[in-house]
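Heads up, the thing below is written out as structure tokens.
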Amino acid sequence: MNEQGILSGLTIVEGSAFVAAPLGGMTLAQLGADVIRFDQIGGGLDYGRWPLASGGDSLFWAGLNKGKRSLEVDIHSERGRELVEACIAAAGTFLTNFPARGWLSYESLSSRRADLVMVALAGNRDGTSEVDYTVNPATGFPWATGPRDYSEPLNSVLPAWDAIMGGLAATGLLAADRHRVRTGEGQLVRIALSDVAFAMVGHLGRVAEAQLERHDPPRDGNYLYGAFGHDFPTSDARRVMVVALTTRQWNALVEVTGVSRAVSALEQGMDIDLQSVSDRFEARDLLAAVLKPWFEARTLNEIRAAFAGTGVSWGAYQTFSQLVHEDPRCSAGNEMWEEVEHPGVGRYLMPGTPLDFSAIPRPAVRRAPGLGEHTEAVLADLLGMTTSEIGRLQRDGVVRCAHSAVTP
């Protein structure tokens, strides 16, 4: 049980799979909540999801369940479901992306505890299935992503909508818990993945643009829409992205790269003002051509040295391996990261919460549990069951108690 963190004292039962719900639970666990994930004996739908360690363990599962406790129970049996229902009632807070119907419906679960807070994640508002990789095609972004001459939709490998949904699930749970503290009322909080995705499309102005201006922006490669931003190759076969959202950033870029004379000539020849973000966007192709030779003549390290302390907004493209081995922001030198031993996998860098509170120390990073590692402790803590009672459940195949010599 996590006794550190700003949410210490909050207990949450989690029934989940894949990204959004486990991420929501992990977000709360890394802030100090006691998050108890229950899984079917042998592991749930995402227990073996790629990427995998050399021994076959899921690094995906290990990554999204850090800091939680694990209850391994036969949820296909009546006795197993009764145990889960009792744990949810004892905790008083439930986060899930399992279908919220039948024994997992709010009506059924709240009959055991009237002030239950339950956050239920779904694909669509009507309860039909949807995942990140099916809702993303509907957002419009795949048709706005990729080179100008590309004729097919281009998906993203990042499950962005799942990631946003996980954060919103945690926010919704904490908001409902605050309401319960103030009023004593529990409630069901519903959130649909398609709503999350389409709301973000609206927040970014793309819905208004399509409705009011009646057009879709064309693909534009790696240019930044509405401002100047582009990628450039370096002399040592690396690549960098440079962005000038503000006038200060633009002027710093012009000064460091020494292109002020060419920029002035463009302004005069095109009758534009490159202090204007809109004009910089309109002239983006010519500006990229003016800047490209400067980058091509320098290595990444030379560019890094030239931009240091100047106010230029830029970043180097990196592979995952380059991120891990070359970027100091992804290292034990950053307090968010710690090297932690994970049984069966090895010792590697694990991130804690990105939130840094001034009034409370940053909690230690805690690995994901082994499947069923805390079954005995959870049943004893939440339900007050004795060792002999838990032993009988294990002998009957209702639960599985996996013991680990490693403290999480």
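The values are calculated or read from the model by the stated rules, or taken from the named source; none is laboratory data. Since the structure is predicted, the reported quantities are computational estimates derived from the model, not experimental observations. Backbone-built Cβ (ideal geometry, glycine too); neighbour counts: all protein chains shown. These accessible areas exclude ligands, DNA and RNA; they are computed on the full protein's heavy atoms, side chains included. Shrake-Rupley method; radii C 1.70, N 1.55, O 1.52, S 1.80 Å.
Values as computed for the structure displayed
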{"item": "Number of the exception - R395 against (1) surrounded by 14 or more Cβ atoms within 10 Å (Cβ to Cβ); (2) modelled with pLDDT of 95 or more", "result": "(1)"}
{"item": "Residue within region 42-53 that is within 26 Å of S129 (Cα to Cα), part of a strand (DSSP E or B), of a type in the set (D, E, K, R) and open to solvent by less than 20 Å² (accessible area, probe 1.4 Å) present", "result": "no"}
{"item": "Pick from region 350-375, criterion surrounded by fewer than 21 Cβ atoms within 10 Å (Cβ to Cβ) and not in a loop (DSSP other than H, G, I, E, B), ranking: farthest from the chain's Cα centre (by Cα)", "result": "M350"}
{"item": "Selected residue (criterion: farthest from H230 (Cα to Cα)) from residues of region 289-307 that are among the aliphatic types (A, V, I, L, M) and open to solvent by less than 60 Å² (accessible area, probe 1.4 Å)", "result": "A306"}
{"item": "Residue within region 200-218 that is more than 30 Å from R101 (Cβ to Cβ), in contact (Cβ under 8 Å) with a residue 60 or more places away in the chain and assigned to a helix (DSSP H, G or I) present", "result": "yes"}
{"item": "A237 being small (G, A, S) and in contact with a helix residue (DSSP H, G or I) (Cβ under 7 Å, 6 or more places away or on another chain)", "result": "no"}
{"item": "Pairs, first of a type in the set (K, R) in region 76-88, second in a helix (DSSP H, G or I), C-beta under 6 Å, six or more apart", "result": "R81/W103"}
{"item": "Failed item in (1) farther than 21 Å from D39 by Cβ; (2) of a type in the set (A, V, I, L, M); (3) surrounded by 16 or more Cβ atoms within 10 Å (Cβ to Cβ), with V378 passing the rest", "result": "(1)"}
{"item": "Of all residues in region 308-347 being closer than 26 Å to V157 by Cβ and in a strand (DSSP E or B), the one that is most open to solvent (accessible area, probe 1.4 Å)", "result": "W314"}
{"item": "Selection from region 58-86 of residues that are of a type in the set (D, E, K, R) and in contact with a strand residue (DSSP E or B) (Cβ under 8 Å, 6 or more places away or on another chain)", "result": "K66, K68, R69, E72, D74"}
{"item": "Yes/no for R190 being open to solvent by 50 Å² or more (accessible area, probe 1.4 Å), touching a residue at least 24 places away in the same chain (Cβ under 8 Å) and more than 30 Å from Q322 (Cβ to Cβ)", "result": "yes"}
{"item": "Members of region 200-228 that are open to solvent by 40 Å² or more (accessible area, probe 1.4 Å) and in contact with a Leu (Cβ under 9 Å, 6 or more places away or on another chain)", "result": "L224"}
{"item": "Hits in region 316-344 (condition: of a type in the set (S, T, Y), out of contact with any strand residue (DSSP E or B) (no Cβ under 8 Å at 6 or more places or on another chain) and farther than 23 Å from F295 by Cα)", "result": "S321"}
{"item": "Region 259-275 residues that are closer than 18 Å to T246 by Cα, paired with ones that are charged (D, E, K, R) and assigned to a helix (DSSP H, G or I) (beta carbon under 6 Å, 6 or more apart)", "result": "I272/D279; D273/D279; L274/E267; L274/R280"}
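Listed here are the residues, each with its yes/no results for (1) under 23 Å from the mean Cα position of the chain (by Cα); (2) in contact (Cβ under 8 Å) with a residue 24 or more places away in the chain; (3) farther than 24 Å from V13 by Cα; (4) open to solvent by 70 Å² or more (accessible area, probe 1.4 Å).
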site	(1), (2), (3), (4)
Y106	no, yes, no, no
S111	no, no, no, yes
P137	yes, no, yes, no
A163	yes, yes, no, no
A170	yes, yes, no, no
